[in-house]
Amino acid sequence: MVKTDGRFGSYNLIVSFDMTSEEFREVNLPQSLAHQPRYSYKLSISKLMESLVVLEHGVEANNSSFRVWMMEDGVPNSFTKLFTFNVNTPHAAVLGFKKTGEPIMEIIDNDHHRQLVVYEPCSKRINNHNLGFDAVNFSFFVYPYMDTLLLLDQRDLLICVLQQRKQKALETFK
């Protein structure tokens with residue numbers, strides 16, 4: 001809640017934490033997202049092609065409606081709407097994105113059968129062939145990751161330093 005002009009109100013924003021400088025920062029959203037009425041659409045964030053993405057999700061006339069906004073060139077406060085799409089079920093969620101930019105979705109039918117599918121923005125339809133993952137009464141989760149050896153290198157360095165300290169300690173007691 002924020003107090004402006006003597007009245008309380010709320011608005012949506014993204015708060016980030018820079019682990020290097022140990023500072024919090026605000027990333028303001030476009031007006032249409034920041035001052036959206038409560039409960040009209042759900043907002044979530046994801047990653048698409050190394051950029052921050054804000055997803056709007058709502059249900060209109062028994063269809064799931066999605067709007068995808070992407071931060072431009074990593075510049076805070078500069079979002080562009082990439083595309084909008086509807087899915088013919090009220091029970092759908094965007095879980096993440098493929099490297100090529102297509103949303104990976106979970107679709108749930110009335111029998112609680114779940115499928116992992118891909119929406120194709122160019123053809124504006126869901127790929128008829130799901131990804132081969134089906135479930136009943138279970139959910140899917142998608143998490144982006146980055147291939148890196150950085151942590152392995154740091155761990156090796158730590159082991160190397162510990163081995164050197166151990167060797168020095170052994171030499172001291174000889």
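Brief remarks follow.
- Subset tally (residues that are surrounded by 15 or more Cβ atoms within 10 Å (Cβ to Cβ) and either of a type outside the set (S, T, N, Q) or in contact (Cβ under 8 Å) with a residue 60 or more places away in the chain (or both)) for the stretch 60-75: 6
- Residue in the stretch 37-47 that is of a type in the set (A, V, I, L, M, F, W, C), surrounded by 16 or more Cβ atoms within 10 Å (Cβ to Cβ) and at pLDDT below 85 present: no
- If you go through the stretch 60-82 and keep only what is under 17 Å from Asn127 (Cβ atoms) and in a helix (DSSP H, G or I), you end up with nothing.
- Among (1) under 27 Å from Tyr11 (Cβ atoms); (2) modelled with pLDDT of 80 or more, the one test that Asp73 misses: (2)
The values are calculated or read from the model by the stated rules, or taken from the named source; none is laboratory data. Note that the structure is a prediction, hence the values are computed from the model and not measured. Because the Cβ atoms are built from the backbone with ideal geometry, glycine has one as well, and the counts that use them run over all protein chains shown.
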